[in-house]
Each structure stands twice: as structure tokens, then as C-alpha cells.
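The values are calculated or read from the model by the stated rules, or taken from the named source; none is laboratory data. On a predicted model such as this, the values are computed, not experimentally measured, just so you know. Cβ placement follows ideal geometry from the backbone for every residue including glycine, while neighbour counts extend to all protein chains displayed.
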Amino acid sequence: MSEYRDKKIVDSWLKNANPWIQTIENKEIESRQLVTNDAIIEATLRCQPKTVLDIGCGEGWLVRELVAKGIDCLGVDTVPEFIAYASKREGRFKILSYEELTPESLGEQFDALVCNFSLFGKNSVETLFDQASKMVTKRGAMIVQTLHPDSLIDQDFLVEGWRESSWVGFNKHFIDPPPWYYRTIESWRALFSGAGFSQVETIVPVNPKSKIPASIIFIGRMDD
């Protein structure tokens, strides 16, 4: 069941790649403009990486931002349309699924792995964490920005498991919303520690308008 739903996530993004590109280019997602874009950039910079792997890079906006700050950045995504679009601009890009991410397929290690709102599956995410320690340099970091679990508590999201989603708040061109796998904060921490990132820092960016968490960012650092 999890493999089927992980595949449905990819299938949805294959269908919605162009609407997403236009949404990002038109700056239609208010929370990104207000807080979460700057939050992931600042979290990455505080790790002082010289090299970054942007996992689930989409249309490549974060890669371009980091390259502009002098960081060598590779963006990977499983959606060919995203990579084709991103490759027309600054940065390095490669088509790879999460299951295909290995030191061998990358041919290099990175000071930081960054996942910005790109970890919504179950098996695919667990596979990625299993490989993460092999993809980072000594004392490297893994940075994940995702929905804040506690912000969804009023919807009875207390138990880890699969959830349905919607495109409410997005434009009319989006179709077939993907499922996603809800994790508690404790579950996220367990993924990091199980992958060898024992030092885990959390940051909670707050939406300045609503005054509620816009996301949560985990910064995991490798054991010495």
C-alpha cells in the first residue's frame, strides 16, 4: 500500500509540474514569500556548506538562490519537466528518484542535504534517510523543512499514517492531489537519529500574519 501511495505522489507531480512552475514563478504562495523561502535559505547558510544537494528541487529556485551565494549546488528531482525547466538557468541538475539517490549515482558527497517541502512519502523517505549518511561529508548536515505536525492537530492528525490532501488555495489548473504520509515530531527525530544524525536542531518559522507555525525545520548533523 505504501509503495502504491508513494507512486501516486510522483504521478501527481508529473501531472502538475507546469502549474507548479507557473505558481512559483508568479509568487502565488504567500507563506513562501512571507517566511518559508527565507527560512530554508537561512537554515542552510547557518551550516556553512560549500556544497549542497537539493533533494526534490522542483523548478530549481533554491538551487539558484544558493548558487548566487557562492555555494556549489546540485538539484535532483524525479520529474523530467522540472529538471528541463531548471536546467535552462543557473545551477546543476539531474533526474533522479529518491530510491535512485546513492553515492554512486551522484558521484560525489555534499556538505549538506536539503529537502524543502519535498518529503511526503513513506518508503521513499525512509529509503532516502537510509542512504543519507553516505551522501554527506564528515560532519555534514541534513536539513528538512516540512509542515509543522502540531499545526494540524485540530484535524485529528495525532496518529502517524497516510492522509489525503487537496489543492485548496492553489489555482484551478492543479489536478489529482497527491496523498502524503503524516509524521509526528518524534517520528521525524527518529528518522534523523536512525540515519546517524544524532544532533538534531529544530526551528519553527512563524507566519507574521497568522502568528501560527508556517513550517518546522529539522537540522541534523552527523556524529563526530
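Counting just the residues of the range 135-145 that are more than 22 Å from Ile203 (Cα to Cα) and at pLDDT 95 or above, which one comes out surrounded by the fewest Cβ atoms within 10 Å (Cβ to Cβ)?
Pass one, the range 135-145, residues more than 22 Å from Ile203 (Cα to Cα): 135, 137-138.
Subsequent filtering for residues that are at pLDDT 95 or above retains 135, 137.
Details: Met135: 20, Thr137: 15.
Once the filter is applied, the top-ranked residue is Thr137.
Select the strands (runs of 3 or more DSSP E) contained entirely in the range 146-224, then report the ones holding at least 1 residues which are over 18 Å from the mean Cα position of the chain (by Cα) and either surrounded by fewer than 16 Cβ atoms within 10 Å (Cβ to Cβ) or modelled with pLDDT of 90 or more (or both).
Result: 161-163, 199-203.
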Qualifying residue in the range 42-53 (condition: surrounded by fewer than 16 Cβ atoms within 10 Å (Cβ to Cβ), assigned to a helix (DSSP H, G or I) and either in contact (Cβ under 8 Å) with a residue 60 or more places away in the chain or not polar (S, T, N, Q) (or both)): yes
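When you go through Asp38, Asp77, Asp111 one by one, which is the residue that is under 17 Å from the mean Cα position of the chain (by Cα), surrounded by fewer than 16 Cβ atoms within 10 Å (Cβ to Cβ) and among the charged types (D, E, K, R)?
Answer to the selection: Asp38.
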Taking the range 17-31 as the region of interest, how many residues are buried (at least 18 other Cβ atoms within 10 Å of the Cβ) and either more than 19 Å from Ile55 (Cβ to Cβ) or at pLDDT below 95 (or both)? 1
Do you know which residues across the range 1-35 are more than 20 Å from Ala86 (Cα to Cα) and part of a helix (DSSP H, G or I)? Ser2, Glu3, Tyr4, Arg5, Asp6, Lys7, Lys8, Ile9, Glu30, Ser31, Leu34, Val35
In the range 191-218, anything farther than 23 Å from Gly140 by Cα, in contact with a Ser or Thr (Cβ under 8 Å, 6 or more places away or on another chain) and among the β-branched types (Val, Ile, Thr) is listed as Ile212
